[in-house]
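First comes the structure, then the notes that go with it.
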Amino acid sequence: FAASDLIDSVRGLSSAFSLQLFATRDKTVETPFAASSCGPQHALHAGRPDWEDILGTLLDNVHDSNPEGDAVGVFFCGSPAIAVALQRAAQRVNADHQYAMNGTCRCRVLVHKENF
């Protein structure tokens, strides 16, 4: 794990970005990746992410900042199975949000899969 290199990269990110990393292999690993060293909008989490919870929170934040509508962009590179899970979670979150707003809001989560 190249934590120190990652920390250096994160420090240079604009506050408009939030980097949330999920370490799914070892839940007891100690890491220097913390809000105190990287900023309050970045975090390292142990365990698997709850995509619907994460994407729903992001969409709520976007809606609060622009009720007329805006998009949350998710860029992903990795396992095709995770990409499918992200797409499905985004579809559910988008549908739930549209239902809650009576179909009048343009807020949405967009997932883009990268291949390297």
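Would you check if Val111 is at pLDDT below 90, surrounded by 13 or more Cβ atoms within 10 Å (Cβ to Cβ), assigned to a strand (DSSP E or B) and not charged (D, E, K, R)? Before the answer, list the steps.
Working: at pLDDT below 90: no; surrounded by 13 or more Cβ atoms within 10 Å (Cβ to Cβ): yes; assigned to a strand (DSSP E or B): yes; not charged (D, E, K, R): yes.
Considered against the rule, which asks whether it is at pLDDT below 90, surrounded by 13 or more Cβ atoms within 10 Å (Cβ to Cβ), assigned to a strand (DSSP E or B) and not charged (D, E, K, R), Val111 comes out as no.
So, restricting to strands (runs of 3 or more DSSP E) that lie completely within the stretch 9-100, which ones have at least 3 residues that are at pLDDT 85 or above?
Passing ranges, in order: 71-77.
The values are calculated or read from the model by the stated rules, or taken from the named source; none is laboratory data. Because the structure is predicted, anything quoted here is derived from the model rather than measured. With ideal geometry, Cβ positions are generated from the backbone for all residues, glycine too; neighbour counts draw on all protein chains shown.
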